There are 4 protein chains.
Amino acid sequence: MAIDADSRGVFAIAPTPFHPDGAVDSASLRRLIDFYASAGVTGLTVLGQMGEAPKLAAEESLAIVRTVLERTALPVVVGVTAPGFGTMRTLAHEVMTMGAAGVMVAPPNTLRTDDQIIAYYTQAAEALGPDVPICLQDYPLSFSVQISPRVISQIVETVPSIVMLKHEDWPGLEKITAIREREAAGQRRLSILCGNGGLFLDFELERGADGAMTGYCFPELLVDMVRLTSSGRRDEAHDLFDAHLPLIRYEQQPGTGLAVRKYVMQRRGILDSAAQRRPGRELSKWERDEVDFLLGRLARRDTRARVPNP
Amino acid sequence: MAIDADSRGVFAIAPTPFHPDGAVDSASLRRLIDFYASAGVTGLTVLGQMGEAPKLAAEESLAIVRTVLERTALPVVVGVTAPGFGTMRTLAHEVMTMGAAGVMVAPPNTLRTDDQIIAYYTQAAEALGPDVPICLQDYPLSFSVQISPRVISQIVETVPSIVMLKHEDWPGLEKITAIREREAAGQRRLSILCGNGGLFLDFELERGADGAMTGYCFPELLVDMVRLTSSGRRDEAHDLFDAHLPLIRYEQQPGTGLAVRKYVMQRRGILDSAAQRRPGRELSKWERDEVDFLLGRLARRDTRARVPNP
Amino acid sequence: MAIDADSRGVFAIAPTPFHPDGAVDSASLRRLIDFYASAGVTGLTVLGQMGEAPKLAAEESLAIVRTVLERTALPVVVGVTAPGFGTMRTLAHEVMTMGAAGVMVAPPNTLRTDDQIIAYYTQAAEALGPDVPICLQDYPLSFSVQISPRVISQIVETVPSIVMLKHEDWPGLEKITAIREREAAGQRRLSILCGNGGLFLDFELERGADGAMTGYCFPELLVDMVRLTSSGRRDEAHDLFDAHLPLIRYEQQPGTGLAVRKYVMQRRGILDSAAQRRPGRELSKWERDEVDFLLGRLARRDTRARVPNP
Amino acid sequence: MAIDADSRGVFAIAPTPFHPDGAVDSASLRRLIDFYASAGVTGLTVLGQMGEAPKLAAEESLAIVRTVLERTALPVVVGVTAPGFGTMRTLAHEVMTMGAAGVMVAPPNTLRTDDQIIAYYTQAAEALGPDVPICLQDYPLSFSVQISPRVISQIVETVPSIVMLKHEDWPGLEKITAIREREAAGQRRLSILCGNGGLFLDFELERGADGAMTGYCFPELLVDMVRLTSSGRRDEAHDLFDAHLPLIRYEQQPGTGLAVRKYVMQRRGILDSAAQRRPGRELSKWERDEVDFLLGRLARRDTRARVPNP
């Protein structure tokens, strides 16, 4: 049930539902989990950046993981990024004991050289212990840390518990190919799941990615893309992808994306509220109209986008 | 013929054609200018970042401007960004004397506070003199300088010669609306032309932008978008835009985009070579195949994308 | 007892003492507090960056504040910077109830424009409520957020509970003068306490700063500087400062400074161990020799630097 | 006469003297060169950042190099950093033909990973050809490029024409030791000359640096430090260094330093004017008073700081 180097499919990055007053909305959280299961995802990822994890108190974070694990039998990856290795280890062991499938660790934004990156992950993995499978989050636009294929090779060689790469470099297609070529030459395999809201998922899968780990408001599209691509139905995959691309692009705007995602999930009836914890962001009237317009256009091509009027 | 606050339409950012050995390819440059004219653009912009201007010697830059101005009657904006105001002024006066329609100035990446940004443009405009119309390039992803609507208001108030905004903030839709609302409340008007490869041009025009100033490899699409949107044919505009979006997205990857653009222009028969001056970037075999695939799919919806086999 | 706009003197930034295994060392913490009191500081600041606050669990943070407040009657400022306003408010109210004199809030590194900075502090102060006096931490080298005098003016005008500035801009002398000039013209007064390890404290005090808030390993020097400067003994102040400057400069190296500080405090018999929580940094043999050498030279001029051999 | 891996001593970074109207001041330039020779420097470095090189037109740059080479027999390193390899090669060959001792190349601020840095210097050296000795400028605070000892090892191994390191990392002492340890284990030797205004020159020389390449307004101090340290007079070296440290620290403020340097050189009678080309920076009245005060204090310990009243 733990993630490993052969994990495939779609791990949905789950947003944390809040009531308008900022309290965690557990009813919406349970509804969200059920929705993901019905959408056909392979697993879930909670307590990431897009789950507003840094704004949660420690006990709230654990309560959310508990709720998710009680509600679903899907494998769940938990974000445990923390400034201190002690805090990271404590959280990781608590969630693994509760039944998590693995943990995700992002690099601190102070790392600059290859050696610093390698040292950081070596020490983090040592602090977590050999029994906690790790997903390395590679997201330079947000963390300002650039992880080259060479660095990944070295980490793979020295840190056996790192089994998965959450790939969100941009541009990132050549990186997938570079990693797969190194694996063809003998390097230990990594599961590669792609983020960035799915903006390049069409080609990422063709380059050798194993699936997606992102939070696009139509996870069904991510699931379809993995299925269609892996069964060789290339044109069908691109046709469906292109229908979603105008919305994917809109949702992928930095700083705005989570508000778009929560708004669509509210319109789809999954979340009661699109509220973020403060400091947060809500859509302007212009933005809501644009998202509604994109949903309307999408609905002509994908019936799952037919949502009740706002 | 000079740019002003009412300038509208499409100013194509022209790449600089090079031979494989790095020499400027004047024949391709002339062909490129003729192509832009036939595509219906309103004007041209040369010597920008995407024109590889920083890699040109001073005399080469002037020769390119001269060739362009001799070949076309369209208004031409010239990038004159330079670390020293003296160099900036010299280049600006030379190109204005040669017949340029205005100049473009990007902020140095050392500016941080609002006051520093305002002071920089105030001094730059003073150095250029009152008769040189300026386009302010607002491109935070590349320059790390964030220019808020409030700063634009203050610049507009104190620097009359700044008449145009090359808008490439991301996300940037709310900024267009904010500027237009301030203008509705009495602020002096700016021409707003949008960049970022056109990735949000569909909504940017609806928000009040006057057009595009970018280098997408199908400038015809940009021209169509301005025409269709300004005549209220919203669905037609979005249908056409969505057909191009997969390629727009691919071309807009930072660091890779110019190689995609030149490759497509080579395949369209406009450039003899896709070469960049060193240090540059060329497409991998994988990337070329992906661009070819996108061109093939686009050709089903837009006959202008039917290009001879590579 | 609360900090206010007239607070003066030295608020020592207290490091958090750890045992070599990473556990908080409460005995050293109590010894450290007694040492600060005997050194003549005006107040203490705990849970800042240099207190390794981000590596502490929530309950550990509160336990440290409790220990400090039980041990001393000096005013104590507590760092409460957190990604969410809810967490920030909860921690702030807990420590204020326990008897803290105020809280310190650093800006998130995502803020770029003046308006974003002003909005952030307005909302943070609103979340904390009007009864929590706030010290604004202005440390661009670490946070990548530039706060201009104009922004400070606007914050001062709209956020009454911000009463103190922890000034660590670099260069920063002109900023102090600019703020004091605005105050001479009618702006509400701020207490300005300077950081950066004291590297410019000699002139900062002459420019109008009210004291220091930093963690230099000889807080006695900071206390002396405030006393000598405020009593007009300029040359004496500079003579003493210059004797310490070689060590101040050495301690102020980014990423290395805390290790130097803890090492000297260990050599002075204040801390049992120089250990940092992982990931941390310890001095190399070369660095220890250099610090020892600087201590030896300093001891010729300031007897307080005479420490037992390592 | 060319720089090589055994180059030692002080290469003074020469500022470019300007008249208040922005024209190059050739008379001051010649006086400056004579001053450096009389101060005992080993060589000169021109057209660096602190020489305001980016604000010079191409022909002005060459004229400055010509003036310097005609006036002195000292080896002269010329900054040739440029966005394009073609421009870089042209300038390098012109100045080498004129008699320069080598060239200095800084990394573009877009480099992030170790591999990118190595590739950049490999290609730059290839463009310059095997006969142009290169000094690699390692200045992360200004260029945002971090070059680790491992990267330097790899560059040293593959690029024979890189013979010198301008070391301005901060902190940077451990890096010198790391490089020298690798050399003790067989790596090809590099000349290491230290920058950063000399702020750590006391220990840098003890760690194994070969000298200084920086522009401190008293190059005599840099010369003395190399002489005293290499002859084992450690305490004398530190005594003299410590007397200068208050001014060194003041001059080393980013963005302000060049104005301090030119102001002191004007007061010393070397430059007719402290003017910088626009956009530049001049000292405030407060800053001038502080520098005057520091000069007065320094003059008690070092008679060379006795300058006529301003």
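The values are calculated or read from the model by the stated rules, or taken from the named source; none is laboratory data. Small disclaimer: the values here were computed from a predicted structure and weren't measured. As a convention, Cβ positions derive from the backbone with ideal geometry for all residues, glycine included, and neighbour counts pool all protein chains shown. Areas reflect the complete protein model, heavy atoms only, side chains present, ligands, DNA and RNA absent. Shrake-Rupley method; radii C 1.70, N 1.55, O 1.52, S 1.80 Å.
For D:Ala92, the criteria (1) at pLDDT below 95; (2) buried (at least 20 other Cβ atoms within 10 Å of the Cβ); (3) among the small types (Gly, Ala, Ser) hold in every case but one, which is (1).
Residues of segment C:5-19 that are of a type outside the set (Ser, Thr, Tyr) and either more than 17 Å from C:Leu228 (Cα to Cα) or out of contact with any Pro (no Cβ under 7 Å at 6 or more places or on another chain) (or both): C:Ala5, C:Asp6, C:Arg8, C:Gly9, C:Phe11, C:Ala12, C:Ile13, C:Ala14, C:Pro15, C:Pro17, C:Phe18, C:His19. When residues in segment A:250-270 are screened for being of a type in the set (Ser, Thr, Tyr) and open to solvent by 10 Å² or more (accessible area, probe 1.4 Å), 1 of them pass. In this structure, is A:His167 in contact (Cβ under 8 Å) with a residue 24 or more places away in the chain, touching a Cys at 6+ places or on another chain (Cβ under 7 Å) and surrounded by 19 or more Cβ atoms within 10 Å (Cβ to Cβ)? So A:His167 passes the test. Of all residues in segment B:14-43, those satisfying the criterion of being open to solvent by 20 Å² or more (accessible area, probe 1.4 Å) and either over 15 Å from B:Val223 (Cβ atoms) or part of a loop (DSSP other than H, G, I, E, B) (or both) are B:His19, B:Pro20, B:Asp21, B:Ala23, B:Val24, B:Ser26, B:Ala27, B:Arg30, B:Arg31, B:Asp34, B:Gly40, B:Thr42.
Residues checked against (1) away from chain D (no Cβ under 14 Å); (2) open to solvent by 30 Å² or more (accessible area, probe 1.4 Å); (3) in a helix (DSSP H, G or I):
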position: C:Glu236; (1), (2), (3): no, yes, yes
position: C:Ile248; (1), (2), (3): no, no, yes
position: C:Ala275; (1), (2), (3): yes, no, no
position: C:Arg278; (1), (2), (3): yes, yes, no
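Total residues in segment D:174-192 satisfying the condition of being hydrophobic (A, V, I, L, M, F, W, C) and open to solvent by 10 Å² or more (accessible area, probe 1.4 Å): the figure is 3. Listed by first and then second residue, the pairs with beta-carbon distance under 7 Å, at least 6 apart or on different chains, first residue in segment D:254-272 and within 14 Å of another protein chain (Cβ to nearest Cβ) and touching a residue at least 24 places away in the same chain (Cβ under 8 Å), second polar (S, T, N, Q) and open to solvent by less than 50 Å² (accessible area, probe 1.4 Å), are D:Leu258/D:Gln276; D:Ala259/D:Gln276. Among the conditions (1) surrounded by 20 or more Cβ atoms within 10 Å (Cβ to Cβ); (2) in a helix (DSSP H, G or I); (3) more than 14 Å from chain D (Cβ to nearest Cβ), C:Val291 misses just one, which is (3). Quick check on segment A:221-234: of everything there that is touching a residue at least 60 places away in the same chain (Cβ under 8 Å) and buried (at least 21 other Cβ atoms within 10 Å of the Cβ), which residue is farthest from A:Ala259 (Cα to Cα)? If we take residues in segment A:221-234 being touching a residue at least 60 places away in the same chain (Cβ under 8 Å) and buried (at least 21 other Cβ atoms within 10 Å of the Cβ), then A:Val226 is farthest from A:Ala259 (Cα to Cα). Kindly indicate whether any position in segment B:101-123 is surrounded by fewer than 22 Cβ atoms within 10 Å (Cβ to Cβ), touching a helix residue (DSSP H, G or I) at 6+ places or on another chain (Cβ under 6 Å) and at positive phi. For segment B:101-123, residues surrounded by fewer than 22 Cβ atoms within 10 Å (Cβ to Cβ), touching a helix residue (DSSP H, G or I) at 6+ places or on another chain (Cβ under 6 Å) and at positive phi: absent. You will find that of D:Val132, D:Val78, D:Val151, D:Val65, the residue that is open to solvent by less than 20 Å² (accessible area, probe 1.4 Å) and assigned to a loop (DSSP other than H, G, I, E, B) is D:Val132 and no other. Against the criterion of being more than 12 Å from chain C (Cβ to nearest Cβ), under 16 Å from the mean Cα position of the chain (by Cα) and hydroxyl-bearing (Ser, Thr, Tyr), A:Thr67 does not qualify. Pull up segment B:142-165, narrow it to residues that are under 13 Å from B:Ser191 (Cα atoms) and of a type in the set (A, V, I, L, M, F, W, C), then point me to the one that is nearest to the other protein chains (Cβ to nearest Cβ). Across segment B:142-165, the extreme among qualifying residues is B:Ile152. State whether the residues of segment B:35-44 include one that is closer than 18 Å to B:Val80 by Cβ and not charged (D, E, K, R). Yes, segment B:35-44 has at least one match. The condition of being outside any loop (DSSP other than H, G, I, E, B), within 14 Å of another protein chain (Cβ to nearest Cβ) and of a type outside the set (Ser, Thr, Tyr) holds for D:Glu206. Residues in segment C:123-133 that are more than 12 Å from every other protein chain (Cβ to nearest Cβ) and closer than 15 Å to C:Gln154 by Cβ: 1 in all. So which residues in segment D:254-270 are assigned to a helix (DSSP H, G or I) and of a type in the set (Val, Ile, Thr), if there are any at all? Scanning segment D:254-270 gives D:Val260, D:Val264. Take the conditions modelled with pLDDT of 95 or more, within 14 Å of chain A (Cβ to nearest Cβ) and part of a helix (DSSP H, G or I) and apply them to B:Ile179. Does it pass? Judged against the criteria, B:Ile179 is a match. Scoring C:Met98 on the criteria (1) surrounded by fewer than 18 Cβ atoms within 10 Å (Cβ to Cβ); (2) more than 16 Å from C:Pro133 (Cβ to Cβ) leaves a single failure, condition (2). For segment B:22-31, name all the residues that are in contact (Cβ under 8 Å) with a residue 40 or more places away in the chain and either more than 20 Å from the chain's Cα centre (by Cα) or within 14 Å of chain D (Cβ to nearest Cβ) (or both). Correct list: B:Gly22, B:Val24, B:Asp25, B:Ser26, B:Ala27.
The number of residues in segment A:135-148 that are closer than 23 Å to C:Lys55 by Cβ and either open to solvent by 20 Å² or more (accessible area, probe 1.4 Å) or of a type outside the set (A, V, I, L, M) (or both) comes to 6. Taking the condition open to solvent by less than 10 Å² (accessible area, probe 1.4 Å) and closer than 22 Å to A:Val77 by Cα, does A:Asp210 pass? Here the answer is yes, as A:Asp210 does meet what is asked. Of all residues in segment C:32-50, none are in contact with a Pro (Cβ under 7 Å, 6 or more places away or on another chain), free of Cβ contacts under 8 Å to residues at least 12 places away in the same chain and not β-branched (Val, Ile, Thr).
Looking at D:Tyr139, D:Tyr120, just one residue is within 11 Å of chain B (Cβ to nearest Cβ) and either closer than 15 Å to D:Phe11 by Cβ or among the aromatic types (Phe, Trp, Tyr) (or both), and that residue is D:Tyr120.
Summed over segment A:73-111, residues that are within 14 Å of chain C (Cβ to nearest Cβ) and in contact (Cβ under 8 Å) with a residue 12 or more places away in the chain total 18.
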